[in-house]
Amino acid sequence: GENVEQHPSTLSVQEGDSAVIKCTYSDSASNYFPWYKQELGKGPQLIIDIRSNVGEKKDQRIAVTLNKTAKHFSLHITETQPEDSAVYFCAASRGNQFYFGTGTSLTVIP
Amino acid sequence: GAVVSQHPSRVICKSGTSVKIECRSLDFQATTMFWYRQFPKQSLMLMATSNEGSKATYEQGVEKDKFLINHASLTLSTLTVTSAHPEDSSFYICSAVGSGGTDTQYFGPGTRLTVL
């Protein structure tokens, strides 16, 4: 089956700096890679996703890159703000089979 | 668009009672819904996958007689925790996948269950 690893588990950055979270996956058949943001006591919210036929996708301050050959994908947040503080989960999926990473707790220090 | 609701948001019950949690897709039809359990500071643990009109598929180690799942319509799935015990206390989250061919999962806000 699929195995998704996510690093780092915790990340602290100064407000305005960039944050990068990385995930690797094992199943080359995985073709959809969403990123979710989860605030304390709430459900995960989809913030950006990428499919295997695309190498990069950007939405304002958030971007995701995918390297299919190396089987890794990354979330990039630029100009971080305190409200970006949350737990971020990556996932790799094929059809309805989703495999989540272990999460990264991001703290943006004002 | 793609809003998923859960009710209740939090519930406290006595040991031995049953609790029902509802998951609704508000603005789309969901052929497939998922139920997850999340412990503090941990990732999402898939409990079961439910397809409208058919029996749920449970993950290994999840007791289907304890966690009853019903997906009676394209917008509603329910999870019933039967004979709840303190160890069932957790954060339960549902998600839904639309019927339009997309595979994107949209999550509900979660339900905090506390069993006394």
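The values are calculated or read from the model by the stated rules, or taken from the named source; none is laboratory data. Everything numeric in this text was worked out from a predicted model, so none of it was measured. Here the Cβ positions follow ideal geometry from the backbone for every residue, glycine too, while neighbour counts run over all protein chains shown.
For region B:16-28, taking the residues that are away from chain A (no Cβ under 12 Å), of a type outside the set (Phe, Trp, Tyr) and crowded, with 18+ Cβ neighbours inside 10 Å, the one that is nearest to the chain's Cα centre (by Cα) is identified as B:Ile21. Pick from region A:16-55 the residues that are of a type in the set (A, V, I, L, M) and closer than 10 Å to A:Leu66 by Cα: which of them is modelled with the lowest pLDDT? If we take residues in region A:16-55 being of a type in the set (A, V, I, L, M) and closer than 10 Å to A:Leu66 by Cα, then A:Val54 is modelled with the lowest pLDDT.
Among the residues of region A:34-47, write down those that are within 11 Å of chain B (Cβ to nearest Cβ) and in contact with a Phe, Trp or Tyr (Cβ under 7 Å, 6 or more places away or on another chain).
Correct list: A:Tyr36, A:Lys37, A:Gln38, A:Gly43, A:Pro44, A:Gln45, A:Leu46.
Here B:Arg37 meets each of (1) under 30 Å from A:Asn31 (Cα atoms); (2) part of a loop (DSSP other than H, G, I, E, B); (3) of a type outside the set (A, V, I, L, M) with one exception, condition (2). When B:Pro109, B:Pro86 are screened for being within 14 Å of chain A (Cβ to nearest Cβ), touching a strand residue (DSSP E or B) at 6+ places or on another chain (Cβ under 7 Å) and at pLDDT 90 or above, only B:Pro109 passes.
Is it true that B:Cys13 is modelled with pLDDT of 95 or more, within 12 Å of chain A (Cβ to nearest Cβ) and at negative phi? When the stated conditions are applied, B:Cys13 does not pass them.
Scanning region B:29-50 turns up one or more residues that are among the hydrophobic types (A, V, I, L, M, F, W, C), free of Cβ contacts under 8 Å to residues at least 24 places away in the same chain and within 11 Å of chain A (Cβ to nearest Cβ). The number of residues in region B:44-66 that are in contact with a Leu (Cβ under 6 Å, 6 or more places away or on another chain) and either at pLDDT 95 or above or in a strand (DSSP E or B) (or both) comes to 0. Considered as a group, the residues in region A:10-28 that are surrounded by 13 or more Cβ atoms within 10 Å (Cβ to Cβ) and within 14 Å of another protein chain (Cβ to nearest Cβ) include one that is nearest to A:Val108 (Cα to Cα), and that residue is A:Ile21. Taken residue by residue, region A:85-100 has at least one member that is at pLDDT 95 or above and either away from chain B (no Cβ under 14 Å) or more than 23 Å from B:Phe107 (Cα to Cα) (or both).
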